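Contents: one structure, followed by commentary.
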Amino acid sequence: MSSVVVYNLVKTYAGGDRRATDGVSLEVADGEFLVLVGPSGCGKTTLLRMVAGLETPDSGTVSIGGRDVTYLPPRQRGLSMVFQSYAIFPHMKVRQNIGFGLTMRKVPRDEFDRRVKRAAELLHLEEYLDRYPAQLSGGQRQRVAVARAIVVDAAVLLMDEPLSNLDALLRLQFRAELKRIVGQLGTTTLYVTHDQAEAMSLGDRVAVMRDGRVAQLGAPLAVYDRPADRFVGGFLGSPPMNFLTARVGGGALAVGDASLQAPDHLSTWEGRDVVVGVRAENIQVATEPAAGWVPARIEVVEPTGAALLLTVRLADEQLKVQAPATFPAAPDARVHLRAEPAALRFYDPESGLALD
Ligand code: ATP
């Protein structure tokens, strides 16, 4: 069993004016890949470093495999780590770099060779074992850092922005490789990124953090589909979720002159404003009017290749709408919009929390 349980972790740095983590609790199940994601400064790295044993919390506990490790040094926690500044040793060949943890553990020669070979195979590094890091590309060096972390077969793998030094294309390729490798190994993994697409792609579950707290934790698609608050909806997804203000009245939602059917649970909001959240891909667009469709005007047309991203104006609100690549879109053109009622989310305009 190698679950990681973090309970009510609070950390304030000396000289820090607020809590870097403000009572975070979460559990990474045995064999699970959990991603911590959130904007810069939200406390992801601090949380990971407390799990690693590189920072001591002010209060709260960290348990690994059912054992309280809160005050144990990193090497006694049974984990391995890959960091953004992957420190591979320039004077060592790839073979010795990958096997570094095995050398430290005085693993016998034949076992060293076997395990380094397996890690190199998993990361497609077999042909580079006798090279020095300077003779590798950035992506290959990054793979060496990951191979070195997995070769020791630690129960828990911690990764902090391991792809951030790679260019966009390599990043995408390596992301898929990492998913394959960690899936194959089944290692319990806690992974930090500020990149929401990376989080969605890699995580069995994602924990979206904000201001030292977990705003929402769940399966990527569940969190994407039902953000618990406006912050999460605005953070996950590219483009972010659209939010528009609507007045509830007589069973309808008014956005400017347009009217939508209001769900029953909004009846307590009669006469007040709510915020409607809707994803760009959940808005249909047509050139011709039809009953129940809402008129809008195109402001910007951005082809993405697979689709068109339209910026449209609806009353006082600006929305992002995803249209088929073949849609005849032009700036200033009038269009008509609709969304399935089931695709609409509702938020409290004051607290930003979901109403459904
Ligand atoms: P990023 O994505 O930018 O790395 P993060 O979400 O990992 O951000 P942390 O590095 O955990 O965030 O930082 C959380 C908060 O703690 C920030 O306000 C940061 O300024 C502060 N902080 C982090 N490290 C220290 C430190 N060594 N001393 C003082 N304050 C720190």
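Every number in this text was worked out from the coordinates using simple rules, so none of it is lab data. Everything quoted here is computed from the prediction, not taken from an experiment. Ideal geometry is used to build each Cβ from the backbone, glycine not excepted, and the neighbour counts take in all protein chains shown.
With Cα atoms defining each centre, segment 70-100 and segment 231-298 are spaced 50 Å apart in the structure. Within segment 247-280, find all residues whose amide N lies under 12 Å from a label point positioned 7 Å from the Cα of E350 along Cα-to-beta-carbon. So the set is 273.
The length gained on full extension between T245 and D153, counted as 0.36 nm times the residue separation minus their Cα-Cα distance, comes to 28.0 nm.
Here is the size of segment 1-64 from its Cα atoms: Rg then Dmax, 11.7, 38 Å. For a Förster distance of 51 Å, can you work out the FRET efficiency between the beta-carbons of H124 and S267, rounded to the nearest 0.05? It comes to 0.30. Annotation: lysines with alpha-carbon distance below 26 angstrom to K11 (same-chain offsets under eight excluded): K44. Straight-line cross-link partners of K93 among the aspartates and glutamates, defined as a Cα under 17 Å from its Cα and at least 8 positions apart when in the same chain: D113, E121, E126, E127, D130.
Taking a Cβ cut-off of under 14 Å around R131, the surrounding Lys, Arg, Asp and Glu residues balance to a net charge of +1, with basic ones at +1 and acidic ones at -1.
Per the Cα gyration tensor, the chain maps to an equivalent ellipsoid with semi-axes of 46, 25, 15 Å, ordered largest to smallest. Kirkwood hydrodynamic radius of segment 242-347, from the reciprocal of the average inverse Cα-Cα distance over all distinct pairs: 14.1 Å. What's the FRET efficiency of A306 with D204 using the Cβ-Cβ distance as r and R₀ = 30 Å, to the nearest 0.05? For A306 and D204, the calculated efficiency is 0.70.
So, R0 is 56 Å and r is the distance between the beta-carbons of D316 and R180; what FRET efficiency does that work out to, to 0.05? Computed FRET efficiency for D316 and R180: 0.75. In straight-distance terms, cross-link reach from K106 covers every one of the aspartates and glutamates whose alpha-carbon lies under 16 Å from its own, apart from those fewer than eight places away in the same chain; here that gives D153.
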